[in-house]
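Note sheet for the following structure.
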Amino acid sequence: MKKRSLYLIALAIVSFYNLSTNSQAATKKQQVTQSQSAVKELIDMSEQIHSLNYTLYFTIYDSSGYTPYKFNNYFVNGVRYAELSNLEGSPYNIYLKGDLMGNASYALKGDTFNILPNIFSTNFTEISQNYMISKVGTTRVADKTAQVYEVTNKYSNLFTYRIALDNATLLPLKTDLLFRDLVTNSYTVLNSYSVIYLELGMDQPALTKIQNGVINTNSIFSSNIDQKLANEFDSIIRLQFLPPGFKLRSNNEVTMIGNSLITSPTATASNSNGPTMIAQTYSDGLFSFTIYVSKEEVNTNDHFYWQQGDTTLYTEDYGNRKLTIVGQIPLALAKGIINSISVNGKAPAQHPEGFGQQINLQN
């Protein structure tokens with residue numbers, strides 16, 4: 001009898017263990033499936049953004065207030081045509097024809113309209129390796145029901161996107177770009193895109209206007225990596241930290257006006273050139289930033305920062321080199337990236353403490 005009791009107890013323990021294990025496996029599988037479903041739906045959103053014929057009337061809210069815009073998108077014979085125009089102030093239009101965008105002043109290779117949220121041109125298959133993408137609820141925007149998604153980085157305290165997709169068309173009706181304060185666990189809205197009216201179908205006069213729109217192709221800017229310039233960058237400094245997923249996407253050279261961004265050039269020196277900087281742009285497919293390093297040694301003592309909405313600038317002079325980072329990243333992360341830099345040929349030294357002086361670049 002005693003042996004039988006022990007046997008029944010052992011059997012119960014094994015059964016409970018198997019039930020618990022199976023339950024955990026089912027829960028994990030369900031979580032994976034929900035995440036994969038959310039990623040797939042945002043991939044479908046990207047396809048709709050590019051290939052559907054539609055017009056969006058929307059507003060952008062940022063630190064300067066609300067600004068209304070109109071966006072036309074048409075897909076004809078395998079070619080994408082789009083137009084972004086402002087609805088207040090002096091008229092301004094940007095055209096997209098295939099992989100060329102711009103207006104009478106400039107041309108770019110690509111399909112990124114800076115006014116629109118980054119998610120309009122994001123490869124969600126690529127970023128899903130480094131971001132948690134999940135459904136978080138439902139809402140109503142522009143008199144349409146919408147599913148809400150959150151896109152949050154797994155490893156770094158980057159910004160978070162909250163996206164509301166129209167249930168019928170899968171077009172984005174609203175996005176909020178959020179910064180999470182880890183100390184207070186509170187969120188700040190940095191900017192917001194919100195559709196007021198969505199119209200499906202093709203407007204032939206609008207399409208003709210885009211097709212006839214003038215884009216200056218005399219000078220086309222493209223995102224390329226100059227390997228010789230990248231090697232020179234690496235010969236000057238050693239960059240020891242990048243957030244997961246960020247890769248070098250493009251580089252070029254720029255020349256500063258004056259020796260410091262923190263002081264305006266004098267009248268007699270207003271046309272004098274400052275140091276030549278190597279600029280390298282890094283992106284993870286959703287956010288990006290550019291690191292500037294002076295090619296020659298400097299004798300200034302810059303240490304300051306600037307923030308407006310989702311854009312951060314941080315700069316310091318370290319090891320007789322001017323180091324600046326500008327991009328869509330929080331200030332603490334910008335400082336951390338610069339702090340990881342060592343100057344080749346210089347004895348190790350401590351980077352300046354803190355963020356330095358806050359400046360206003362609008363003055």
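The values are calculated or read from the model by the stated rules, or taken from the named source; none is laboratory data. Since the structure is predicted, the reported quantities are computational estimates derived from the model, not experimental observations. All Cβ positions, glycine included, derive from the backbone under ideal geometry; neighbour counts span all protein chains shown.
Against the test of being over 30 Å from GLY102 (Cα atoms) and touching a residue at least 24 places away in the same chain (Cβ under 8 Å), the options ASN167, ASN153, ASN191, ASN231 yield a single qualifying residue, ASN153.
Does ALA104 fit the bill of being surrounded by fewer than 12 Cβ atoms within 10 Å (Cβ to Cβ) and of a type in the set (Gly, Ala, Ser)? Criteria met by ALA104. Consider segment 75-104 and keep the residues that are at negative phi and in a loop (DSSP other than H, G, I, E, B). The one that is modelled with the highest pLDDT is LEU87. For segment 229-247, state whether one or more residues are part of a loop (DSSP other than H, G, I, E, B) and more than 30 Å from LYS154 (Cα to Cα). Scanning segment 229-247, I find no residue that is part of a loop (DSSP other than H, G, I, E, B) and more than 30 Å from LYS154 (Cα to Cα), so the answer is no. Of all residues in segment 105-128, how many are part of a loop (DSSP other than H, G, I, E, B) and either touching a helix residue (DSSP H, G or I) at 6+ places or on another chain (Cβ under 9 Å) or closer than 30 Å to TYR155 by Cα (or both)? Going through segment 105-128 one residue at a time, the tally reaches 11. State whether one or more residues within segment 55-63 are without any contact (Cβ under 8 Å) to a residue 40 or more places away in the chain and surrounded by fewer than 15 Cβ atoms within 10 Å (Cβ to Cβ). No, segment 55-63 contains no residue that is without any contact (Cβ under 8 Å) to a residue 40 or more places away in the chain and surrounded by fewer than 15 Cβ atoms within 10 Å (Cβ to Cβ).
Within segment 135-144, does at least one residue satisfy the condition of being assigned by TED's automatic domain parsing to the domain that holds THR55 and touching an Asp or Glu at 6+ places or on another chain (Cβ under 6 Å)? Looking for residues that are assigned by TED's automatic domain parsing to the domain that holds THR55 and touching an Asp or Glu at 6+ places or on another chain (Cβ under 6 Å), one finds at least one in segment 135-144, hence yes.
LEU313 satisfies every condition listed in (1) hydrophobic (A, V, I, L, M, F, W, C); (2) out of contact with any helix residue (DSSP H, G or I) (no Cβ under 9 Å at 6 or more places or on another chain); (3) over 22 Å from SER235 (Cα atoms) except (2).
In this structure, is LEU229 at pLDDT 95 or above, touching a Pro at 6+ places or on another chain (Cβ under 9 Å), of a type in the set (A, V, I, L, M, F, W, C) and surrounded by 12 or more Cβ atoms within 10 Å (Cβ to Cβ)? So LEU229 does not fit the description; no.
A search for C-beta distances below 6 Å between a residue of segment 98-110 that is in the same structural domain as SER85 (by TED's automatic domain parsing) and in contact (Cβ under 8 Å) with a residue 60 or more places away in the chain and any residue that is aromatic (Phe, Trp, Tyr) and assigned to a strand (DSSP E or B), counting only pairs 6+ apart in sequence or on different chains, returns LEU108/PHE221.
For segment 89-98, filtering for residues that are more than 14 Å from SER51 (Cα to Cα) and touching a strand residue (DSSP E or B) at 6+ places or on another chain (Cβ under 6 Å) leaves 4. When we screen ASN216, ASN224 for residues that are more than 20 Å from SER283 (Cα to Cα), touching a residue at least 24 places away in the same chain (Cβ under 8 Å), polar (S, T, N, Q) and outside any strand (DSSP E or B), the only hit is ASN216. Checking the stated criteria, THR255 turns out to be part of a strand (DSSP E or B) and under 30 Å from ALA349 (Cβ atoms). For segment 129-159, name all the residues that are of a type in the set (A, V, I, L, M, F, W, C), in a strand (DSSP E or B) and buried (at least 16 other Cβ atoms within 10 Å of the Cβ). Those that are of a type in the set (A, V, I, L, M, F, W, C), in a strand (DSSP E or B) and buried (at least 16 other Cβ atoms within 10 Å of the Cβ): ILE133, VAL141, ALA146, VAL148, VAL151. From the list ILE325, ILE359, ILE329, the one residue that fits, being touching a Leu at 6+ places or on another chain (Cβ under 7 Å) and hydrophobic (A, V, I, L, M, F, W, C), is ILE329.
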